[in-house]
Amino acid sequence: MRISSKNITELTEPERDRWRSLCTRPEFSSPFLHPEYVERLSPSRPQVEVAIFEQNDRFGFFPFERHPGGIGRPLGVKLADFQGIVCDGEIFFSESEFLKGVGLRCLHFDHLLPMTPRPTGVVRADASPYLALEQGVEHYLKDRRAQGNRSLSQLPRKQRKLEREVGAVEFRWHDDDPIALERLFEWKSAQRERTETVNILDYPWVRGFLNELSQHQGPGVSGVLSTLRVNDQVVAAHLGIRTSTCLHYWFPAYDNEVSRYSPGQILLYQMAVKCEEQGIGRIDLGKGDDSYKDSFASGATEVWTGTAELSTARRLMRTSMHSMKSWLKQSRFRSALQLPKRMLRQWQSNSTMGAS
(Lines give C-alpha, C1' and ligand atoms only; values in the text may rest on other atoms or scores of the structure.)
Protein backbone atom coordinates (compact mmCIF):
# COMPACT_ATOMS: atom_id res chain seq x y z
CA MET A 1 0.00 0.00 0.00
CA ARG A 2 1.34 3.41 -1.00
CA ILE A 3 -0.29 6.48 0.56
CA SER A 4 0.61 10.05 -0.33
CA SER A 5 -1.07 13.45 -0.47
CA LYS A 6 -1.24 16.30 -2.97
CA ASN A 7 -2.85 19.67 -3.39
CA ILE A 8 -5.92 19.31 -5.62
CA THR A 9 -4.16 21.43 -8.29
CA GLU A 10 -1.32 18.87 -8.44
CA LEU A 11 -3.53 15.94 -9.45
CA THR A 12 -2.76 14.61 -12.90
CA GLU A 13 -5.53 14.41 -15.48
CA PRO A 14 -5.52 10.57 -15.35
CA GLU A 15 -5.96 10.76 -11.55
CA ARG A 16 -8.86 13.21 -11.94
CA ASP A 17 -10.47 11.01 -14.60
CA ARG A 18 -10.21 7.94 -12.39
CA TRP A 19 -11.74 9.82 -9.45
CA ARG A 20 -14.60 11.17 -11.61
CA SER A 21 -15.23 7.69 -12.97
CA LEU A 22 -15.51 6.22 -9.47
CA CYS A 23 -18.07 8.90 -8.56
CA THR A 24 -20.51 7.48 -11.12
CA ARG A 25 -21.02 4.52 -8.76
CA PRO A 26 -24.12 4.80 -6.52
CA GLU A 27 -22.12 4.49 -3.30
CA PHE A 28 -20.05 7.55 -4.28
CA SER A 29 -22.83 9.69 -5.78
CA SER A 30 -22.74 12.38 -3.05
CA PRO A 31 -21.44 15.73 -4.33
CA PHE A 32 -19.22 15.97 -1.22
CA LEU A 33 -17.17 13.04 -2.59
CA HIS A 34 -16.74 14.47 -6.10
CA PRO A 35 -13.45 16.08 -7.20
CA GLU A 36 -15.34 19.01 -8.70
CA TYR A 37 -16.63 19.99 -5.24
CA VAL A 38 -13.06 19.90 -3.91
CA GLU A 39 -11.91 22.05 -6.84
CA ARG A 40 -14.62 24.66 -6.15
CA LEU A 41 -13.80 24.77 -2.43
CA SER A 42 -9.99 24.84 -2.59
CA PRO A 43 -9.60 28.54 -3.60
CA SER A 44 -11.38 29.43 -0.33
CA ARG A 45 -9.52 26.77 1.68
CA PRO A 46 -5.84 26.55 0.63
CA GLN A 47 -5.28 23.91 3.34
CA VAL A 48 -7.23 21.35 1.24
CA GLU A 49 -5.27 18.26 0.19
CA VAL A 50 -6.12 14.89 -1.33
CA ALA A 51 -4.80 11.60 0.05
CA ILE A 52 -4.11 9.08 -2.72
CA PHE A 53 -4.12 5.35 -2.04
CA GLU A 54 -2.43 2.91 -4.42
CA GLN A 55 -2.63 -0.83 -3.88
CA ASN A 56 -1.70 -3.01 -6.85
CA ASP A 57 -4.05 -1.76 -9.59
CA ARG A 58 -6.52 -0.17 -7.17
CA PHE A 59 -6.73 3.52 -6.33
CA GLY A 60 -8.52 5.59 -3.69
CA PHE A 61 -8.99 9.30 -3.02
CA PHE A 62 -9.71 11.04 0.28
CA PRO A 63 -9.85 14.86 0.47
CA PHE A 64 -9.17 16.56 3.80
CA GLU A 65 -7.83 19.78 5.31
CA ARG A 66 -4.36 20.07 6.86
CA HIS A 67 -4.30 22.35 9.92
CA PRO A 68 -1.34 23.48 12.09
CA GLY A 69 0.20 20.89 14.39
CA GLY A 70 -0.33 18.01 11.95
CA ILE A 71 -4.10 17.99 12.47
CA GLY A 72 -6.42 16.82 9.72
CA ARG A 73 -10.05 17.98 9.46
CA PRO A 74 -12.99 17.51 7.05
CA LEU A 75 -13.34 19.64 3.93
CA GLY A 76 -14.70 23.02 4.93
CA VAL A 77 -14.92 21.65 8.50
CA LYS A 78 -18.61 22.32 9.34
CA LEU A 79 -19.63 22.37 5.67
CA ALA A 80 -18.89 18.67 5.15
CA ASP A 81 -21.94 16.41 5.48
CA PHE A 82 -20.12 13.33 4.15
CA GLN A 83 -16.50 12.20 4.33
CA GLY A 84 -15.13 9.01 2.89
CA ILE A 85 -12.60 7.25 0.70
CA VAL A 86 -13.64 7.02 -2.95
CA CYS A 87 -11.94 3.81 -4.02
CA ASP A 88 -11.84 1.14 -6.68
CA GLY A 89 -12.78 -1.96 -4.67
CA GLU A 90 -11.62 -2.66 -1.14
CA ILE A 91 -8.28 -1.31 -0.01
CA PHE A 92 -6.84 -2.22 3.37
CA PHE A 93 -4.61 -0.07 5.56
CA SER A 94 -4.18 0.83 9.22
CA GLU A 95 -4.79 4.22 10.79
CA SER A 96 -1.08 4.64 11.44
CA GLU A 97 -0.28 3.81 7.80
CA PHE A 98 -2.66 6.54 6.65
CA LEU A 99 -1.53 9.19 9.14
CA LYS A 100 2.17 8.54 8.50
CA GLY A 101 1.59 8.44 4.74
CA VAL A 102 0.06 11.91 4.65
CA GLY A 103 2.13 13.35 7.52
CA LEU A 104 -0.64 13.91 10.08
CA ARG A 105 -0.64 13.47 13.84
CA CYS A 106 -4.41 12.97 13.94
CA LEU A 107 -7.51 13.22 11.77
CA HIS A 108 -10.87 14.45 13.10
CA PHE A 109 -14.06 13.26 11.39
CA ASP A 110 -17.77 13.64 12.11
CA HIS A 111 -19.59 12.37 8.98
CA LEU A 112 -17.29 9.49 8.00
CA LEU A 113 -18.85 6.77 5.86
CA PRO A 114 -18.28 3.23 7.18
CA MET A 115 -15.07 1.54 6.08
CA THR A 116 -13.07 -1.62 6.80
CA PRO A 117 -11.37 -1.87 9.18
CA ARG A 118 -13.39 0.42 11.46
CA PRO A 119 -11.14 3.16 12.90
CA THR A 120 -10.40 2.61 16.58
CA GLY A 121 -11.08 6.30 17.23
CA VAL A 122 -14.80 6.12 16.40
CA VAL A 123 -16.76 7.35 19.43
CA ARG A 124 -20.25 7.68 17.95
CA ALA A 125 -22.38 6.41 15.08
CA ASP A 126 -25.30 8.49 13.73
CA ALA A 127 -27.99 8.04 11.11
CA SER A 128 -27.90 10.31 8.05
CA PRO A 129 -31.40 10.02 6.49
CA TYR A 130 -32.24 10.12 2.80
CA LEU A 131 -35.17 10.01 0.37
CA ALA A 132 -35.04 7.05 -2.05
CA LEU A 133 -36.52 8.27 -5.34
CA GLU A 134 -34.99 5.78 -7.79
CA GLN A 135 -38.41 4.32 -8.64
CA GLY A 136 -40.13 7.68 -8.91
CA VAL A 137 -41.86 10.02 -6.50
CA GLU A 138 -45.20 8.15 -6.60
CA HIS A 139 -43.51 4.94 -5.46
CA TYR A 140 -41.69 6.92 -2.76
CA LEU A 141 -44.93 8.46 -1.45
CA LYS A 142 -46.70 5.10 -1.55
CA ASP A 143 -43.86 3.57 0.46
CA ARG A 144 -44.04 6.35 3.07
CA ARG A 145 -47.82 5.79 3.43
CA ALA A 146 -47.23 2.06 3.81
CA GLN A 147 -44.83 2.85 6.65
CA GLY A 148 -47.63 4.71 8.42
CA ASN A 149 -46.59 8.23 7.46
CA ARG A 150 -49.53 10.49 6.67
CA SER A 151 -47.90 13.92 7.06
CA LEU A 152 -46.51 14.09 3.51
CA SER A 153 -49.98 13.64 2.01
CA GLN A 154 -51.05 16.78 3.91
CA LEU A 155 -48.49 19.02 2.23
CA PRO A 156 -50.41 19.58 -1.06
CA ARG A 157 -53.41 20.57 1.10
CA LYS A 158 -51.24 23.03 3.06
CA GLN A 159 -49.97 24.48 -0.22
CA ARG A 160 -53.54 25.03 -1.44
CA LYS A 161 -54.39 26.69 1.88
CA LEU A 162 -51.34 28.95 1.56
CA GLU A 163 -52.45 29.94 -1.93
CA ARG A 164 -56.04 30.51 -0.83
CA GLU A 165 -55.24 32.58 2.24
CA VAL A 166 -52.04 34.42 1.26
CA GLY A 167 -51.49 34.44 -2.50
CA ALA A 168 -50.33 32.71 -5.66
CA VAL A 169 -47.69 30.03 -4.97
CA GLU A 170 -44.77 29.39 -7.32
CA PHE A 171 -42.01 26.78 -7.01
CA ARG A 172 -38.66 27.35 -8.70
CA TRP A 173 -36.19 24.47 -8.95
CA HIS A 174 -33.24 26.82 -9.50
CA ASP A 175 -33.80 30.50 -8.77
CA ASP A 176 -31.09 32.79 -10.15
CA ASP A 177 -32.47 35.88 -8.38
CA PRO A 178 -29.69 37.11 -6.01
CA ILE A 179 -32.35 38.34 -3.58
CA ALA A 180 -33.34 34.71 -2.94
CA LEU A 181 -29.88 33.82 -1.60
CA GLU A 182 -29.81 36.99 0.51
CA ARG A 183 -33.14 36.04 2.11
CA LEU A 184 -31.86 32.53 2.78
CA PHE A 185 -28.77 33.89 4.53
CA GLU A 186 -30.88 36.34 6.59
CA TRP A 187 -33.30 33.65 7.77
CA LYS A 188 -30.55 31.12 8.52
CA SER A 189 -28.56 33.69 10.52
CA ALA A 190 -31.67 34.68 12.49
CA GLN A 191 -32.33 31.01 13.23
CA ARG A 192 -28.79 30.57 14.57
CA GLU A 193 -29.19 33.65 16.74
CA ARG A 194 -32.48 32.37 18.20
CA THR A 195 -31.02 28.96 18.97
CA GLU A 196 -27.69 30.41 20.18
CA THR A 197 -25.71 28.10 17.91
CA VAL A 198 -22.62 28.79 15.81
CA ASN A 199 -23.43 30.67 12.62
CA ILE A 200 -20.92 29.68 9.96
CA LEU A 201 -22.30 32.43 7.71
CA ASP A 202 -20.41 34.87 9.93
CA TYR A 203 -17.24 33.81 8.11
CA PRO A 204 -16.85 35.83 4.87
CA TRP A 205 -15.22 32.93 3.01
CA VAL A 206 -18.28 30.74 3.67
CA ARG A 207 -20.68 33.31 2.22
CA GLY A 208 -18.39 33.86 -0.74
CA PHE A 209 -18.05 30.15 -1.43
CA LEU A 210 -21.80 29.49 -1.13
CA ASN A 211 -22.58 32.44 -3.37
CA GLU A 212 -20.16 31.14 -6.01
CA LEU A 213 -21.45 27.59 -5.67
CA SER A 214 -25.08 28.69 -6.06
CA GLN A 215 -24.18 29.95 -9.54
CA HIS A 216 -21.96 27.02 -10.51
CA GLN A 217 -23.39 24.63 -13.08
CA GLY A 218 -20.66 22.08 -13.77
CA PRO A 219 -20.46 18.71 -15.51
CA GLY A 220 -20.05 16.85 -12.21
CA VAL A 221 -21.43 19.10 -9.48
CA SER A 222 -23.92 21.98 -9.60
CA GLY A 223 -25.45 24.36 -7.10
CA VAL A 224 -29.26 24.32 -6.78
CA LEU A 225 -31.06 27.29 -5.20
CA SER A 226 -34.71 26.24 -4.91
CA THR A 227 -37.43 28.63 -3.76
CA LEU A 228 -41.09 28.78 -2.85
CA ARG A 229 -42.65 32.13 -3.69
CA VAL A 230 -45.97 33.68 -2.74
CA ASN A 231 -47.08 36.65 -4.84
CA ASP A 232 -43.53 36.56 -6.25
CA GLN A 233 -42.00 37.02 -2.77
CA VAL A 234 -39.63 34.32 -1.50
CA VAL A 235 -41.10 32.59 1.59
CA ALA A 236 -38.81 29.52 1.66
CA ALA A 237 -35.42 28.80 0.12
CA HIS A 238 -32.90 26.01 0.01
CA LEU A 239 -29.33 25.94 -1.27
CA GLY A 240 -28.08 22.46 -2.09
CA ILE A 241 -25.58 20.73 -4.33
CA ARG A 242 -26.16 17.92 -6.77
CA THR A 243 -24.49 15.40 -9.00
CA SER A 244 -26.30 13.76 -11.90
CA THR A 245 -28.12 11.33 -9.56
CA CYS A 246 -27.94 12.75 -6.03
CA LEU A 247 -29.10 16.01 -4.41
CA HIS A 248 -27.76 17.01 -1.00
CA TYR A 249 -30.23 18.96 1.14
CA TRP A 250 -27.94 21.50 2.77
CA PHE A 251 -29.06 25.04 3.69
CA PRO A 252 -32.85 25.39 4.14
CA ALA A 253 -34.70 28.34 5.71
CA TYR A 254 -38.09 30.03 5.53
CA ASP A 255 -40.01 33.16 6.51
CA ASN A 256 -41.43 32.75 10.02
CA GLU A 257 -44.38 34.95 9.06
CA VAL A 258 -45.87 32.01 7.15
CA SER A 259 -44.50 29.20 9.31
CA ARG A 260 -47.96 27.79 10.10
CA TYR A 261 -48.23 26.68 6.46
CA SER A 262 -44.98 24.63 6.69
CA PRO A 263 -43.34 26.41 3.72
CA GLY A 264 -40.01 24.62 4.22
CA GLN A 265 -41.64 21.20 4.01
CA ILE A 266 -43.75 22.24 1.02
CA LEU A 267 -40.54 23.30 -0.71
CA LEU A 268 -38.81 19.98 0.06
CA TYR A 269 -41.88 18.10 -1.21
CA GLN A 270 -41.82 20.04 -4.49
CA MET A 271 -38.09 19.42 -4.82
CA ALA A 272 -38.69 15.66 -4.43
CA VAL A 273 -41.33 15.80 -7.18
CA LYS A 274 -38.98 17.70 -9.48
CA CYS A 275 -36.11 15.27 -8.87
CA GLU A 276 -37.81 12.63 -11.00
CA GLU A 277 -37.70 14.97 -14.00
CA GLN A 278 -34.08 15.85 -13.21
CA GLY A 279 -33.00 12.19 -13.12
CA ILE A 280 -32.11 12.40 -9.42
CA GLY A 281 -32.76 9.19 -7.50
CA ARG A 282 -31.75 10.26 -4.02
CA ILE A 283 -31.94 13.27 -1.69
CA ASP A 284 -29.52 13.14 1.24
CA LEU A 285 -30.83 15.09 4.25
CA GLY A 286 -27.70 14.97 6.42
CA LYS A 287 -27.58 13.79 10.01
CA GLY A 288 -29.66 15.54 12.66
CA ASP A 289 -32.75 14.96 14.78
CA ASP A 290 -35.10 17.42 13.03
CA SER A 291 -38.63 16.00 13.07
CA TYR A 292 -39.26 16.65 9.36
CA LYS A 293 -36.43 14.23 8.53
CA ASP A 294 -38.34 11.40 10.20
CA SER A 295 -41.36 12.24 8.03
CA PHE A 296 -39.48 12.39 4.74
CA ALA A 297 -36.78 9.73 5.19
CA SER A 298 -36.96 6.40 3.36
CA GLY A 299 -33.84 5.13 5.09
CA ALA A 300 -30.53 6.23 6.58
CA THR A 301 -26.81 5.87 6.03
CA GLU A 302 -24.59 5.37 9.08
CA VAL A 303 -21.88 7.99 9.63
CA TRP A 304 -19.12 8.00 12.25
CA THR A 305 -17.66 10.65 14.54
CA GLY A 306 -14.24 10.40 16.14
CA THR A 307 -10.52 10.95 15.74
CA ALA A 308 -7.81 8.78 14.23
CA GLU A 309 -4.67 9.20 16.36
CA LEU A 310 -1.08 8.10 15.97
CA SER A 311 -0.63 8.18 19.73
CA THR A 312 -2.37 5.43 21.71
CA ALA A 313 -2.27 7.61 24.84
CA ARG A 314 -4.03 10.48 23.06
CA ARG A 315 -6.64 8.11 21.67
CA LEU A 316 -7.42 6.74 25.13
CA MET A 317 -7.61 10.28 26.51
CA ARG A 318 -10.08 11.32 23.79
CA THR A 319 -12.24 8.26 24.45
CA SER A 320 -12.32 9.11 28.16
CA MET A 321 -13.23 12.73 27.41
CA HIS A 322 -16.09 11.59 25.16
CA SER A 323 -17.40 9.32 27.93
CA MET A 324 -17.28 12.24 30.38
CA LYS A 325 -19.18 14.49 27.92
CA SER A 326 -21.87 11.83 27.53
CA TRP A 327 -22.20 11.57 31.29
CA LEU A 328 -22.42 15.34 31.74
CA LYS A 329 -25.21 15.56 29.15
CA GLN A 330 -27.32 13.27 31.35
CA SER A 331 -26.28 14.79 34.67
CA ARG A 332 -27.83 17.54 36.81
CA PHE A 333 -24.94 19.82 35.76
CA ARG A 334 -26.17 19.96 32.16
CA SER A 335 -27.98 23.32 32.34
CA ALA A 336 -25.12 25.00 34.21
CA LEU A 337 -22.69 23.95 31.49
CA GLN A 338 -24.67 25.39 28.55
CA LEU A 339 -22.91 28.78 28.52
CA PRO A 340 -19.35 27.37 28.77
CA LYS A 341 -20.31 24.82 26.10
CA ARG A 342 -21.51 27.54 23.69
CA MET A 343 -18.36 29.57 24.33
CA LEU A 344 -16.15 26.55 23.68
CA ARG A 345 -17.97 25.71 20.44
CA GLN A 346 -17.62 29.29 19.21
CA TRP A 347 -13.89 29.26 20.01
CA GLN A 348 -13.46 25.92 18.23
CA SER A 349 -15.37 27.24 15.23
CA ASN A 350 -13.26 30.40 15.05
CA SER A 351 -10.02 28.41 15.23
CA THR A 352 -11.01 26.00 12.45
CA MET A 353 -13.58 27.74 10.23
CA GLY A 354 -11.88 31.11 10.60
CA ALA A 355 -8.61 29.77 9.20
CA SER A 356 -8.31 30.17 5.44
Residue satisfying condition, being surrounded by fewer than 17 Cβ atoms within 10 Å (Cβ to Cβ) and more than 23 Å from Ala297 (Cα to Cα), within set Pro204, Pro156, Pro119, Pro114: Pro204
Odd one out for Arg144 among (1) assigned to a helix (DSSP H, G or I); (2) within 30 Å of Arg207 (Cβ to Cβ): (2)
Verdict on Val50 being out of contact with any Cys (no Cβ under 7 Å at 6 or more places or on another chain) and either assigned to a strand (DSSP E or B) or polar (S, T, N, Q) (or both): yes
Residues that are under 27 Å from Gly136 (Cα atoms) and surrounded by 23 or more Cβ atoms within 10 Å (Cβ to Cβ), drawn from the range 215-234: Val221, Val224, Leu225, Ser226, Thr227, Leu228
Flag for Arg207 being outside any loop (DSSP other than H, G, I, E, B) and over 17 Å from Ala236 (Cβ atoms): yes
Residue list for the range 8-49, restricted to those being modelled with pLDDT under 95 and either of a type in the set (A, V, I, L, M, F, W, C) or outside the structural domain of Ile91 (by TED's automatic domain parsing) (or both): Ile8
Where a residue in the range 50-71 is within 17 Å of Trp19 (Cα to Cα) and not assigned by TED's automatic domain parsing to the domain that holds Arg18 and its partner, wherever it lies, is surrounded by 14 or more Cβ atoms within 10 Å (Cβ to Cβ) and of a type outside the set (Lys, Arg), with Cβ under 6 Å and at least six apart: none
Every pair of residues 6+ apart whose Cβ atoms lie under 6 Å, when the first sits in the range 143-168 and is closer than 24 Å to Asp294 by Cα while the second is modelled with pLDDT under 95 and hydrophobic (A, V, I, L, M, F, W, C): Arg144/Leu152
Pair list, Cβ under 6 Å, 6 or more apart: the range 74-97 residue basic (Lys, Arg), other residue assigned to a helix (DSSP H, G or I) and crowded, with 17+ Cβ neighbours inside 10 Å: Lys78/Ile200
The range 81-104: number of residues that are surrounded by fewer than 21 Cβ atoms within 10 Å (Cβ to Cβ) and in a loop (DSSP other than H, G, I, E, B): 9
Some residue of the range 27-41 being farther than 20 Å from Thr307 by Cα, assigned to a loop (DSSP other than H, G, I, E, B) and without any contact (Cβ under 8 Å) to a residue 40 or more places away in the chain: no
Complete set of residues in the range 50-71 that are of a type outside the set (Phe, Trp, Tyr), closer than 25 Å to Cys246 by Cβ and modelled with pLDDT of 95 or more: Val50, Ala51, Ile52, Gly60, Pro63, Glu65
Condition met for Trp187 (among the aromatic types (Phe, Trp, Tyr), surrounded by 15 or more Cβ atoms within 10 Å (Cβ to Cβ) and in contact with a strand residue (DSSP E or B) (Cβ under 8 Å, 6 or more places away or on another chain)): yes
Any pair with Cβ under 7 angstrom, 6 or more apart, that starts in the range 4-20 at a residue that is charged (D, E, K, R) and ends at one that is outside any strand (DSSP E or B): Arg16/Pro35; Arg20/Pro35; Arg20/Gly220
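The values are calculated or read from the model by the stated rules, or taken from the named source; none is laboratory data. In this text the structure is predicted, and so the values were computed from the model without any measurement. In this analysis, Cβ positions are derived from the backbone assuming ideal geometry, glycine residues included, and neighbour counts consider all displayed protein chains.
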